1. For residue 92 and residue 199, what is the calculated FRET efficiency with R₀ set at 30 Å and r taken between the beta-carbons, to the nearest 0.05?
2. Could you give the angle, 0 to 90 degrees to the nearest 10, between helix 87-97's Cα long axis and the longest principal axis of the Cα atoms of the chain?
3. Which FRET efficiency, nearest 0.05, do residue 23 and residue 155 yield, Cβ-Cβ r, R0 51 Å?
4. Where q = 0.09, 0.11, 0.13, 0.18 Å⁻¹, what log10 of I(q)/I(0) comes from the Debye formula for the chain, counting one point per Cα?
5. Nearest 5 is fine: what % of DSSP beta bridges in the chain come out antiparallel, could you say?
6. Mind pulling the angle between the C-alpha long axis of helix 133-142 and the longest principal axis of the chain? Nearest 10 degrees, somewhere in 0 to 90.
7. Could you list the residues of the stretch 60-86 with an amide nitrogen less than 14 Å from a label point located 7 Å from the Cα of residue 40 in the Cα-to-C-beta direction?
8. How much length, in nm to one decimal, is gained on full extension between residue 68 and residue 216, taken as 0.36 nm per residue of separation minus their Cα-Cα distance?
Ligand SMILES: Nc1ncnc2c1ncn2[C@@H]1O[C@H](COP(=O)(O)OP(=O)(O)OP(=O)(O)O)[C@@H](O)[C@H]1O
Ligand SMILES: [Mg+2]
């Protein structure tokens, strides 16, 4: 089993999906949500994933994030075929390579905003360290939460929690960030701050982003737009930003 992770950020696709199919079975009823999705994300691509409500965007993100298995097809992350990884292998790959912004944020309500952002660093190291505080604080400031750094999560609004989740997903500088509606609950200013943070991570750290959004305006600011239609991927709509990213 090949479970080592390539560290080179410049060679080969960060993500390669081949014929990914997902069927949910409920008694006699089989619903085919994804019908053979093939997609490659190159290093430092910022890609929007769009599609109607119920089209399978979260299902696909969960499969890419190794939280759910495809019915058929393969998911390769950083050159690693994830098909035969065991739980430990999946967890290692996820912690080393992926950042995830969930549609429901999955924050730890007993911790403050800043402590939540530090969690992935603590997981990577094995313990929570005060040394990570400035970095967590800087990310929260970048998404407009400078005044809420020490606030308990339960006291934050939905949009504030969403921005904490964004900061948490970026703190490790993962190679691939999967973001499910990261600006869904945000006003224009907060959405712009989140998108600017993604762009900066993408430009300065060559991070790759797959961003689910219903916001056509936001999608148009990505390098490329892919759309799920009837379980298949309609791909390739390149935006003006693709050439200018240099
Ligand atoms: N665990 C499950 N069991 C059965 N059906 C499921 C399951 N998860 C998702 N589905 C179905 O798969 C379809 C796609 O769901 P999914 O959550 O991926 O859609 P989505 O594109 O993310 O929608 P939205 O934009 O509303 O978030 C839906 O019809 C949903 O009912
Ligand atoms: Mg969804």
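1. 0.55
2. 60 degrees
3. 0.75
4. -0.37, -0.57, -0.80, -1.48
5. Expressed as a percentage, antiparallel bridges in the chain total about 60.
6. Once rounded, the angle reads 70 degrees.
7. 76-80
8. The residue 68-residue 216 span can extend by a further 50.5 nm.
Bear in mind that the values in this text are calculations on the coordinates, not laboratory data. The shown structure was predicted, so the numbers you read here are calculated from the model rather than taken from an experiment. Neighbour counts are summed over all protein chains in view; Cβ atoms, including those assigned to glycine, are modelled from backbone coordinates with ideal geometry.
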